[in-house]
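Shown next, in structure tokens, is the structure this report addresses.
The values are calculated or read from the model by the stated rules, or taken from the named source; none is laboratory data. Predicted, not measured: the structure shown is a model, and the values here were computed from it. Virtual Cβ from ideal backbone geometry, glycine too; neighbours counted across all protein chains shown. Protein only, heavy atoms only, side chains kept; ligands, DNA and RNA dropped before computing areas. Shrake-Rupley method; radii C 1.70, N 1.55, O 1.52, S 1.80 Å.
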Amino acid sequence: MDAVFIRNMEQKDLAEVLKIYKEGIETGMATFETNVPSERVRDEGHHVTLRCVAEVKNRIVGWIAISPVSTRAVYSGVGEVSVYISSDSKGKGIASKLFRTLIEESEKEGFWTLQSFIFAINTSSIQLHRKMGFRIVGTREKIAQ
């Protein structure tokens, strides 16, 4: 397998990040979103430093980021994780590498809880999250349209 480099996401990466996000939308099991947001909206929705990309041969093949779960101070150390891998790069351990980096960096930034919302049919994402130490807390219904 080719070398995978994990680095901080930069403004110049947003077009490629959104292409990978679009692939996730098209699966129908990664997000409730049906449209790709603008680069500005995507950029503003994530923590300023806790977002990374994975590169293979100078091509972005995945990304991970934390979004705040609330603006209330008592939740300042709780973040929602989003992780997306390009369809041609899945199953190669890239998501695990991104996760390990993000977890380490989030702890340095004072995060004490990371959470994700995952569709029950997205078994590969559930398996990844369990591997990274997450657990299923519950099932939510009728939360988005």
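Things to note:
- Only residues that are touching a Lys or Arg at 6+ places or on another chain (Cβ under 6 Å) and over 19 Å from Phe99 (Cβ atoms) were counted across the stretch 22-73, and they come to 1.
- Given (1) modelled with pLDDT under 95; (2) closer than 25 Å to Gly28 by Cβ, number of the condition Ala95 does not satisfy: (1)
- Taking the stretch 29-145 and the helices (runs of 4 or more DSSP H) fully enclosed by it, the elements with 2 or more residues that are farther than 21 Å from Asp13 by Cβ are at 94-108, 123-131.
- In the condition set (1) within 18 Å of Lys22 (Cβ to Cβ); (2) crowded, with 18+ Cβ neighbours inside 10 Å; (3) not hydroxyl-bearing (Ser, Thr, Tyr), His129 is compliant with all but (1).
- Residue in the stretch 16-33 that is out of contact with any His (no Cβ under 6 Å at 6 or more places or on another chain), closer than 23 Å to Ser124 by Cβ, open to solvent by 40 Å² or more (accessible area, probe 1.4 Å) and hydroxyl-bearing (Ser, Thr, Tyr) present: yes
- Under the condition of being closer than 24 Å to Leu114 by Cβ and touching a helix residue (DSSP H, G or I) at 6+ places or on another chain (Cβ under 7 Å), the residues counted in the stretch 18-55 number 11.
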